[in-house]
1. Taking Cα pairs under 8 Å and at least six residues apart, what relative contact order does region 30-145 come out at, in percent?
2. Grab the Cα-Cα distance for Thr99 and Ala115, subtract it from 0.36 nm times how many residues apart they are, and report the gain in nm with one decimal.
3. May I ask you to sort Val106, Val40, Val120, Val63 by Cβ crowding, counting other Cβ atoms within 10 Å and putting the fewest first?
4. Given H placed on each backbone N at 1.01 Å, which residues far from Thr75 in sequence or on other chains put an amide H within less than 5 Å of it?
5. So how much slack lies between Val40 and Val128, counting 0.36 nm per residue of separation and subtracting their Cα-Cα distance, in nm?
6. Take Glu62, Glu45 and order them by how many other Cβ atoms sit within 10 Å, fewest up front.
Amino acid sequence: MSGITNPAEPFFKDGGWGWDGTLWRKLPITWGYSGIIREVVVNTEAAVNTNHLLGAIVDTGEVWVINSICGVNQTTAPSRVIIRTFEAPDYFNIVSFETVALSEYVNWSGFLPLAAGDRVCVSFYTCVAGDDLYATIFGYKMKIAE
């Protein structure tokens, strides 16, 4: 018999190896739902001009699937809002861009997968000192078993 033959070896931890009928071999990546993403990021003391509300960084060994992002400036109109992702290490991707009236929400919904090290950013431009800024981020986490 070829390949790894002893299931007690450390190679088998986390279910990454299995018997295919002839020998033990590495299995394909296994995905598993591991939780809901429900973030609310708030800044009630905004600085003049540009402010960024950053979501949490995606953990190693996970992929986050974002389904909805929302940003609102409750104090000043008009406000330019950009929803984007920061992808590791230094790249960013614009998802939505709108100029809205006072207390008008910028909403994005869809399917946005984020890898380890990535994060969501909601940027507010043309702010006045002390603006109340809010961002919400919703989705789910997928654990990668290797």
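1. After rounding, I find 49 percent.
2. This chain segment gains 2.9 nm when fully extended.
3. Going from sparsest to densest Cβ surroundings: Val40, Val63, Val106, Val120.
4. Amide H to amide H, under 5 Å and 5 or more residues apart or across chains, Thr75 pairs with Ser103, Asp132.
5. That pair, Val40 and Val128, stretches by 29.6 nm at full extension.
6. Fewest-to-most ranking of Glu62, Glu45: Glu45, Glu62.
Quick note: the coordinates plus some simple rules give every number you see, no bench work behind them. Model, not experiment: these values are computed from the prediction. Cβ: placed from backbone, ideal geometry, glycine included. Neighbour counts: every protein chain shown.
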